[in-house]
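In what follows, a structure is listed as structure tokens, so that the remarks can point back to it.
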Amino acid sequence: MQQRWPDRIWILRHGESAGNVARDAAHDAGRTHIEIAERDVDVPLSALGERQAGAVGRWFAEKPASERPDVVLTSPYLRARRTAELIQEADGLSDRMLEFVADERLREKEFGILDRLTRSGIDQLHPDQAEYRRLLGKFYHRPPGGESWCDVILRLRSALDTISLHHGGKRVLIVGHQVVVLCMRYLLEGMSEQQILAIDAEGDVANCSVTEYAFDPGRGSSGKLLLERYNFVAPLEREGAPVTAEPDASRAAR
């Protein structure tokens, strides 16, 4: 029987972005809005984010070529694509000329009318949405023009179907965003709403942290991907790259 799943999947949150930095500044100043000139899709990495991505790339580069990623799927957002590029530049992939697949299904959760608002901004400018979120919970609340976690999960189910169809037996690196990492865990581990929200409540997914799954052919009738690491930041700590875990600029209401 042909193997359905990749041999290994790494799910990586992008490095620290200019949006992360702007979000912290807005929060510390008590502002309602996060000030960024670019569209969310065009927000670049910060200098620290580039350093973090390079550190992870060198961690991958220490592995034999046969154990490095040979498929790279990334969110189309600039901060994710640049993170993948810096991993490649550090010889972290099996082939230095490996082409990336930018998959819009891996994009950041969309926040609609709440985009670029701080928590206090949402409370002041859209108190009805703050109340809806309290009543429905973050898993199901969909702000006007935006997405719920369930919406993100729906598109990620499709992305996983594509991965299982085209990349069985491969080693796949996915570069995305915090909610993408969490929702992938929800899907790959068959979690409940309560289980994934409990993990989320423990703390943010760190920038450039590694979540890793390995395929075990002996699990079930067709094998299963098993979690080996979550929010793994040792590659950053080893190189002295500060670990950051700020929500993205648009993510006060994630």
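The values are calculated or read from the model by the stated rules, or taken from the named source; none is laboratory data. Just so you know, these numbers come straight off a predicted model, no measurement behind them. No Cβ is skipped: glycine too gets one built from the backbone with ideal geometry, and neighbour counts run over all protein chains shown. Just so you know, the surface numbers come from the protein's heavy atoms only, side chains and all, with ligands and any DNA or RNA stripped out. Shrake-Rupley method; radii C 1.70, N 1.55, O 1.52, S 1.80 Å.
Annotations
- The stretch 7-31 - residue that is in a loop (DSSP other than H, G, I, E, B) and open to solvent by 20 Å² or more (accessible area, probe 1.4 Å) and, of those, nearest to V180 (Cα to Cα): D7
- Scan of the stretch 167-211 for residues that are under 16 Å from the mean Cα position of the chain (by Cα), in a loop (DSSP other than H, G, I, E, B) and surrounded by 15 or more Cβ atoms within 10 Å (Cβ to Cβ), ordered by number: H177, D204, V205, A206, N207, C208, S209
- Single condition A159 does not satisfy, out of (1) assigned to a loop (DSSP other than H, G, I, E, B); (2) at pLDDT 95 or above: (1)
- Residue identified as hydrophobic (A, V, I, L, M, F, W, C), surrounded by fewer than 22 Cβ atoms within 10 Å (Cβ to Cβ), touching a Pro at 6+ places or on another chain (Cβ under 9 Å) and touching a residue at least 40 places away in the same chain (Cβ under 8 Å) among L225, L236: L225
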